[in-house]
């Protein structure tokens, strides 16, 4: 998986243009991911192995450690890895590549979300999702996945209020 480094606290070089977050792209990608990742969660209930589940649980445990340390970059990387792993474990690399091709705007709002909302709810979603998949509870897994993807909608007002300079719409 390509490394993604987002550092919105750096000042761009003189004359550099930094694009605004496009809320329409973010919302459309969130809608797409809501559908795709709910389906992934359902499929994962049937196909994930114990080793794959263990890998997802390890990701959740690392998240918890980095939340305690306040390491935003590691938390973001682990979030990307968690979602990417689910796509790949379910054999949906085309879906993953499609989502990643449109990810920069969404990724920026994710980082900003970490700065204005408590990240524990996102971590809790991940843990509950892995547990539902392990129990092969397809309905619950799909519901958790959709709830998780709706976090952006819950956070957007706080993000816009705290970081208005990132938006132009």
Heads up, the chain by the C-alpha gyration tensor (a ≥ b ≥ c square roots of eigenvalues; a/c under 1.5 rounded, else a/b over b/c prolate, else oblate) looks prolate
Using alpha carbons only, how many angstrom separate the centre of the stretch 127-161 from the centre of the stretch 37-92? 13 Å
Quick note on 147, 108, ordering by fewest other C-beta atoms within 10 Å, gives 147, 108
Specify the angular offset, from 0 to 90 degrees and rounded to the nearest 10, of the alpha carbon long axis of helix 138-149 from the longest principal axis of the alpha carbons in the chain. 10 degrees
Value of [θ]222 nm, deg cm²/dmol, for the chain, DSSP H segments ≥ 4, -39500 (n - 2.57) each, nearest 500: -24500 deg cm²/dmol
Going from the fewest other Cβ atoms within 10 Å to the most, one would list 40, 32 as 32, 40
Please rank 74, 92, fewest neighbouring Cβ atoms within 10 Å first, as an exposure proxy. 74, 92
Spacing of the two label points (7 Å from each Cα toward its C-beta) at residue 154 and residue 116, in nm: 1.6 nm
Average Cα contact separation per residue, the stretch 23-166, under 8 Å, 6 or more apart, as relative contact order %: 41 percent
Shape call for the stretch 75-157 from the C-alpha gyration tensor, a ≥ b ≥ c root eigenvalues: rounded (a/c under 1.5), prolate (a/b greater than b/c) or oblate? oblate
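No value in this document is a laboratory result; all are computed from the given coordinates. Everything numeric here is computed off the predicted structure, so don't read it as measured data. Note: ideal-geometry Cβ built from the backbone for every residue, glycine included; neighbour counts use all protein chains shown.
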